[in-house]
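> Sending over a structure as C-alpha cells; questions will come in a sec.
The values are calculated or read from the model by the stated rules, or taken from the named source; none is laboratory data. Because the structure is a prediction, the values reported are computed rather than measured. Methodologically, a virtual Cβ is constructed for each residue, glycine included, from the backbone with ideal geometry; neighbour enumeration extends over all protein chains shown. Just the protein is used for accessible areas: all its heavy atoms, side chains included, with ligands, DNA and RNA removed. Shrake-Rupley method; radii C 1.70, N 1.55, O 1.52, S 1.80 Å.
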Amino acid sequence: MLVIVTYDVNVASLNGQKRLRKVAKLCERHGIRVQNSVFEVLVDAAQMAKLKADLASVIDLDQDSVRFYRLGNNYQGRIDTMGKKGPIQTGEPILL
C-alpha cells in the first residue's frame, strides 16, 4: 500500500535537531522524499507497523507529530502533481 508520511519535529533545541535527522533517515529508508517533510512510502502491513514503532521511539510525543495518509494499493489515479517532479515515480520501474 502507498502511505504518505508527513512529520513536524520541534527543532528549537539540539535534541529536536537530532530527532529531525533521525526521523528523516527512517523515512528515507522506507520511501521517497517528495517534499521537505513528506515521503511516499510503499509498505505492507508488517513494514508499516515497524516504521510506526521506529518513529514512535524517536519522536517526542509532546512536541513532535507524524501523520500517515493511507492511499492503499490503487493509488495511481489518486495522485496529481503540479510543478517540479522528482526523478522517480513511486512504485514504477526505474529504467537506466
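> Roll a 1.4 Å probe over the protein heavy atoms and report the accessible area of Val66 in Å², nearest 10.
30 Å²
> Ignoring everything but the protein chains, give the 1.4 Å probe accessible area of Asp62 in square angstrom, nearest 10.
150 Å²
> Expressed as an acute angle from 0 to 90° and rounded to the nearest 10, what is the orientation of the C-alpha long axis of helix 14-30 relative to the principal long axis of the chain?
20 degrees
> Mind checking the angle between helix 45-58 and the chain's longest principal axis? C-alpha axes, 0 to 90 degrees, to the nearest 10.
30 degrees
> Going by the alpha-carbon gyration tensor, a ≥ b ≥ c the square roots of its eigenvalues, is the chain rounded (a/c under 1.5) or, if a/c is not under 1.5, prolate (a/b greater than b/c) versus oblate?
Judged from the Cα gyration tensor, the chain comes out prolate (a/c at least 1.5, a/b above b/c).
> Next question, about the same structure. Which of the residue pairs Lys25/Lys84; Lys50/Lys84; Lys52/Lys84 have a Cα-Cα distance greater than 25 Å in the structure shown?
Too far apart for the 25 Å limit: Lys50/Lys84; Lys52/Lys84.
> Moving on to the next point. Among Ser37, Leu26, Asn15, whose Cα sits farthest toward the positive end of the charge dipole of segment 2-44 (+1 at Cβ of Lys/Arg, -1 at Cβ of Asp/Glu, about the Cα centre)?
Positive-end residue among those listed: Asn15.
> If exposed means no more than 16 neighbouring beta carbons inside 10 Å and the site is in a DSSP loop, what's the longest run of the chain without any exposed trypsin sites (Lys or Arg not before Pro)?
Result for the longest clean stretch: 1-83.
> Enumerate the calculated ³J(HN,Hα) couplings along segment 74-84 in order (Karplus 6.51 cos²θ - 1.76 cosθ + 1.60, θ = phi - 60°), each rounded to whole Hz, writing x wherever the residue is Gly or Pro.
Coupling constants for segment 74-84: 9, 8, 3, x, 9, 10, 10, 10, 9, x, 4 Hz.
> Measure out, as a whole number of angstrom, how far apart the alpha-carbon centroids of segment 2-30 and segment 31-70 sit.
8 Å
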